[in-house]
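Asker: Just passing along the structure, written as structure tokens.
The values are calculated or read from the model by the stated rules, or taken from the named source; none is laboratory data. Just so it is clear, the structure is predicted and the values come from calculations on it, not from any experiment. Using ideal geometry, Cβ is built from the backbone for each residue, glycine included, and neighbour counts are taken over all protein chains shown.
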Amino acid sequence: KKHKFWETQPVGQYKDVGDPSLPEGPIKPPTPLSKVKQEPYNLPNAYEWTTCDMDSEETCDEVYVLLKNNYVEDDENMFRFNYSKKFLSWALRVPGYYRSWHIGVRAKTSKKLVAFISGVPARITVSKDVMKMAEINFLCVHKKLRSKRLAPVMIKEITRRVHLENIWQAAYTAGIVLPTPITSCQYWHRSLNPKKLIDVGFSRLGARMTMSRTIKLYKLPNSTVTPGFRKMELRDVPAVTRLLRNYLNQFVVAPDFDENDVEHWLLPNENVVDSFLVESPKTHEVTDFCSFYTLPSSILGNQNHSILKVAYSYYNVSTKTPLARLMNDVLIMAKQKDFDVFNALDVMHNENFLKELKFGPGDGQLHYYLYNYRIHNALKPSELGLVLL
Ligand SMILES: COc1cccc(CC(=N)NC(=O)c2cccnc2OC2CCNCC2)c1
């Protein structure tokens, strides 16, 4: 498929894949800041740039409503991501964030928010090199303005604003194939409320399966089984940071979290992120960690249900408790909190528990990309240690 825009960008081009003459690493060198375009790119006449101040309840609500009505849907257009306002505030107001990277497009006459794109700063390791990057997310153009070629100019504008902060690499994901994925992950679902999932068409009753047999198949205990399993607290930040840094340094691409990052991204934040750890009852050592984030989906066109409550596997570390046992406890917690389904990608060591814990494969893939950084050979998902929201 022609990628008119992406063929003009410093990303791995299909024709270059596997060309050993091209060095791994940055594709284009940094530009002197004085040479970075100082003024914003031009939008079509009827539209204007706006910076979305996510501290403002009103603006946060505008972004929430735009995404709620126009953001990513599944392949069969039965579900649409429904990020909450609290989640968006958490995802965008990160340690060291730049408000100028929360970019909106308004219609000049109505002042209505019709498009959005965001970036947050992150320190990411790629094959042992730690780099400041922008994590780009929430690119959304109102359904009525599609194929006006707004996305390319929004991507160029956020790239320009990232360059102004002297950052030259970025990471992003997409459900479609663009030039060129660094890895392509399969997503998996673990039913927690199979009756609702079948009612809304998320799952189908298995062949030769009755509903009661299906409910029984996915039943979970009411309480966790690992001794010392408990909710993470502020006092655990140093220990969890040590555990996580040791674990993530085995992956080719992974975040370089410090205690400040761990406190923001992994401390429990109700209805946004839940995290648990295992503290050895004997030694009081923190030996394992697991977490998930909350991203509900709107159910499009169902009489009885309007929201699907979905938990997404985030960062999990097992050093003493077998990973499958640890993740079964996290499924028990998600069921206790009334989630309908628990999603996971086959990244890190996740494939070790997916089948054992009765996850089923999803019907799509999530592709990961780096901007202005060439990697010769695509990674296996198990070599990727980065989970984007
Ligand atoms: C169930 O409701 C959905 C609503 C919209 C899209 C999809 C399918 C889909 N595209 N799923 C994923 O991308 C996905 C599946 C498993 C884990 N993480 C995922 O995406 C995350 C990470 C990327 N940004 C969106 C959330 C499902």
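Asker: Are there any pairs, at least 6 apart or on different chains, whose C-beta atoms fall under 7 Å, with the first in the stretch 70-96 and surrounded by fewer than 17 Cβ atoms within 10 Å (Cβ to Cβ) and the second of a type in the set (Val, Ile, Thr) and at pLDDT 95 or above, and if so, which?
Answerer: 86/272; 94/120
Asker: Also: Across the stretch 376-389, what is the total count of residues that are surrounded by fewer than 20 Cβ atoms within 10 Å (Cβ to Cβ) and within 15 Å of the ligand (Cβ to nearest atom)?
Answerer: The total comes to 2.
Asker: Now a separate question. Considering only the stretch 41-59, state which residues are touching a strand residue (DSSP E or B) at 6+ places or on another chain (Cβ under 7 Å) and closer than 23 Å to residue 171 by Cβ.
Answerer: Of the stretch 41-59, the ones touching a strand residue (DSSP E or B) at 6+ places or on another chain (Cβ under 7 Å) are 43, 46-52, 54.
Result: 51, 52, 54.
Asker: If you don't mind, there's one more thing I want to ask. Quick check on residue 168: is it outside any strand (DSSP E or B), away from the ligand (no atom under 16 Å from the Cβ), in contact with a helix residue (DSSP H, G or I) (Cβ under 9 Å, 6 or more places away or on another chain) and under 19 Å from residue 386 (Cα atoms)?
Answerer: Judged against the criteria, residue 168 is a match.
Asker: Give me a count of the residues in the stretch 86-142 that are polar (S, T, N, Q) and more than 17 Å from residue 66 (Cα to Cα).
Answerer: Going through the stretch 86-142 one residue at a time, the tally reaches 4.
Asker: Could you grab the pairs with beta carbons closer than 7 Å, sequence gap of 6+ or different chains, first residue in the stretch 336-350 and surrounded by fewer than 18 Cβ atoms within 10 Å (Cβ to Cβ), second one of a type in the set (Lys, Arg) and outside any strand (DSSP E or B)?
Answerer: 338/309
Asker: Restricting to the stretch 265-304, and then to whatever is within 22 Å of residue 349 (Cβ to Cβ) and among the polar types (S, T, N, Q), can you tell me which residue is surrounded by the fewest Cβ atoms within 10 Å (Cβ to Cβ)?
Answerer: Among them, the one singled out is 280.
Asker: Among the listed residues 373, 368, identify the single one that is within 15 Å of the ligand (Cβ to nearest atom), buried (at least 18 other Cβ atoms within 10 Å of the Cβ) and either in contact (Cβ under 8 Å) with a residue 12 or more places away in the chain or over 21 Å from residue 195 (Cβ atoms) (or both).
Answerer: After applying the criteria, what remains is 368.
Asker: Can you pull out the residues in the stretch 209-262 that are in a helix (DSSP H, G or I), aliphatic (A, V, I, L, M) and without any contact (Cβ under 8 Å) to a residue 24 or more places away in the chain?
Answerer: Listed by number, the residues that qualify are 211, 215.
Asker: Could I ask something else about it? Strands (runs of 3 or more DSSP E) wholly in the stretch 266-324 with at least 3 residues that are within 16 Å of the ligand (Cβ to nearest atom) - which ones?
Answerer: By residue number, 286-294, 297-299, 310-313.
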